[in-house]
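What follows is a single structure, written as structure tokens, with notes after it.
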Amino acid sequence: MRELREETGWVVPGPLLPLGTVQLKSGKVIHGFGAALDVDPATLVSGHFALEWPRGSGLQRSFPEVDRAAWFDPEEAKRRLNPAQGPLVDRLLLAVARGGA
């Protein structure tokens, strides 16, 4: 919930539905959660992070965490996500079908 707020400005008021974990090829482990939240993508207010750029220059620049937001149907969402994250969408759909979200 903290990450969502920091990266988008959106606040999840209710409980989260754990969707388990997936591991990217890089080794990074992603912990997925589902929540009921109705937001307009146009209300995105991204947080920023500092990064030395150009690399080795000693100059710090600020970059947005998120550049845009949009709603997609599940198949399009899976196409746009990292392939390893697709199972999180499937797990959310299954939970919704069972009445869990």
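The values are calculated or read from the model by the stated rules, or taken from the named source; none is laboratory data. This one's a predicted model, so the numbers in the text were calculated from it and none came from an experiment. Note that we place each Cβ from the backbone using ideal geometry, even for glycine, and neighbour counts take in every protein chain shown. Note: areas computed on protein heavy atoms with side chains; ligands, DNA, RNA excluded. Shrake-Rupley method; radii C 1.70, N 1.55, O 1.52, S 1.80 Å.
Is it true that residue 63 is open to solvent by less than 60 Å² (accessible area, probe 1.4 Å), outside any loop (DSSP other than H, G, I, E, B) and not small (Gly, Ala, Ser)?
yes
How many of the residues in the stretch 17-27 are free of Cβ contacts under 8 Å to residues at least 24 places away in the same chain and not in a strand (DSSP E or B)?
2
Exactly one condition in (1) at pLDDT below 95; (2) assigned to a loop (DSSP other than H, G, I, E, B) is not met by residue 6; state its number.
Looking at each condition in turn, residue 6 falls short on (2).
Can you find, within the stretch 66-96, the residue that is nearest to residue 5 (Cα to Cα) among those that are part of a loop (DSSP other than H, G, I, E, B) and of a type in the set (Asp, Glu)?
Here the residue is 67.
Select from the stretch 40-58 the residues that are assigned to a loop (DSSP other than H, G, I, E, B) and either surrounded by 10 or more Cβ atoms within 10 Å (Cβ to Cβ) or among the aliphatic types (A, V, I, L, M) (or both) and list them in ascending order.
44, 45, 46, 47, 53, listed by residue number.
If I filter the stretch 73-101 down to residues being among the charged types (D, E, K, R) and over 17 Å from residue 20 (Cα atoms), which single residue comes out as surrounded by the fewest Cβ atoms within 10 Å (Cβ to Cβ)?
In this case the residue turns out to be 73.
Against the conditions (1) surrounded by 12 or more Cβ atoms within 10 Å (Cβ to Cβ); (2) free of Cβ contacts under 8 Å to residues at least 60 places away in the same chain; (3) among the aliphatic types (A, V, I, L, M); (4) assigned to a helix (DSSP H, G or I), where does residue 30 fall short? Just the number, please.
The single condition residue 30 does not satisfy is (4).
Does any residue in the stretch 75-101 that is within 13 Å of residue 30 (Cα to Cα) and of a type in the set (Gly, Ala, Ser) come within less than 7 Å, Cβ to Cβ, of a residue that is open to solvent by less than 60 Å² (accessible area, probe 1.4 Å) and assigned to a helix (DSSP H, G or I) six or more places away or on a different chain, and which pairs are these?
Filtered contacts from the stretch 75-101: 86/78.
For residues that are farther than 24 Å from residue 94 by Cβ and not hydrophobic (A, V, I, L, M, F, W, C), scanning just the stretch 1-24, find the one that is least open to solvent (accessible area, probe 1.4 Å).
Per the criteria, the residue is 8.
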